Amino acid sequence: MSIELGAYTPLRDQQANALMAQVRLVLEDLTTHIDHVGSTAVKNLAAKPKFHLDVILEDANHLDEAVSRLVAAEYSPLGFLYECDVFHLTFADRNMPEEDGVCVLQPAHRICLCFPDALAPLRRAAFRDALSADGNLRRDYEALKHRLIAQDNQDWHAYSVGKTQFIETTLRNLNRTDLGFADSQ
């Protein structure tokens, strides 16, 4: 499957809000908050057509129940992919049942169930906020994404790894000790 970026549209914000509301209904008693992160959360940034939501669990012991509820809602569990305190699930885009004669497309999205003290959601939110606040940083990041896709628009791993240094450098430059970098002041 090729990697494609779409231009920003205000529809993204509406879709993200609808997704967060749906997840909130399923997990409301298990979470402290839900955060829209990733490129789709940044205005005026090209992004893949897949949303990313970080769901902060009230307690790590709620993980099994949260996964069970999301699987019942047709999410596919991916497991602990990159961190030992963040569990990933995915939802492929699909047409939802008609309501009042209208068929609604449920956009593809990833949910990360994050333990209360996980660093990953703090880092993702900090990176999103940095991109949102700095037009030059946002343009540089978008240019990097386009360069990586031009090299090979089929290699998702290379695309993800190719962004890592940019993201980590940006986060280190924020000089926030809560992001867990040893060299932050």
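The values are calculated or read from the model by the stated rules, or taken from the named source; none is laboratory data. These numbers were taken from a predicted model, which means no experiment stands behind them. Counting neighbours? That spans all protein chains shown, and the Cβs are built from the backbone with ideal geometry, glycine included. The area values use the complete protein model at the heavy-atom level, side chains included, leaving out ligands, DNA and RNA. Shrake-Rupley method; radii C 1.70, N 1.55, O 1.52, S 1.80 Å.
Data table
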| item | result |
| --- | --- |
| Residue that is nearest to Ser2 (Cα to Cα), among those in region 33-57 that are among the β-branched types (Val, Ile, Thr) and not in a strand (DSSP E or B) | Thr40 |
| Test for Lys48: is it closer than 20 Å to Ala92 by Cβ and either open to solvent by 50 Å² or more (accessible area, probe 1.4 Å) or among the β-branched types (Val, Ile, Thr) (or both) | yes |
| In region 60-75, the residues that are open to solvent by 60 Å² or more (accessible area, probe 1.4 Å) and either touching a Lys or Arg at 6+ places or on another chain (Cβ under 9 Å) or not in a helix (DSSP H, G or I) (or both) | Glu74 |
| Residues of region 138-150 satisfying the condition of being among the aliphatic types (A, V, I, L, M) and buried (at least 18 other Cβ atoms within 10 Å of the Cβ) | Leu148, Ile149 |
| Yes/no for Thr170 being in a helix (DSSP H, G or I), touching a residue at least 24 places away in the same chain (Cβ under 8 Å), open to solvent by less than 70 Å² (accessible area, probe 1.4 Å) and of a type outside the set (Asp, Glu) | yes |
| Candidate set from region 1-19 (those that are surrounded by fewer than 19 Cβ atoms within 10 Å (Cβ to Cβ) and touching a Phe, Trp or Tyr at 6+ places or on another chain (Cβ under 9 Å)); member that is nearest to Ala92 (Cα to Cα) | Met1 |
| Residues of region 77-86 that turn out to be open to solvent by less than 60 Å² (accessible area, probe 1.4 Å) and either in a strand (DSSP E or B) or on the phi > 0 side of the Ramachandran plot (or both), as a count | 2 |
| Members of region 151-167 found to be open to solvent by 90 Å² or more (accessible area, probe 1.4 Å) and assigned to a loop (DSSP other than H, G, I, E, B), listed by number | Gln154 |
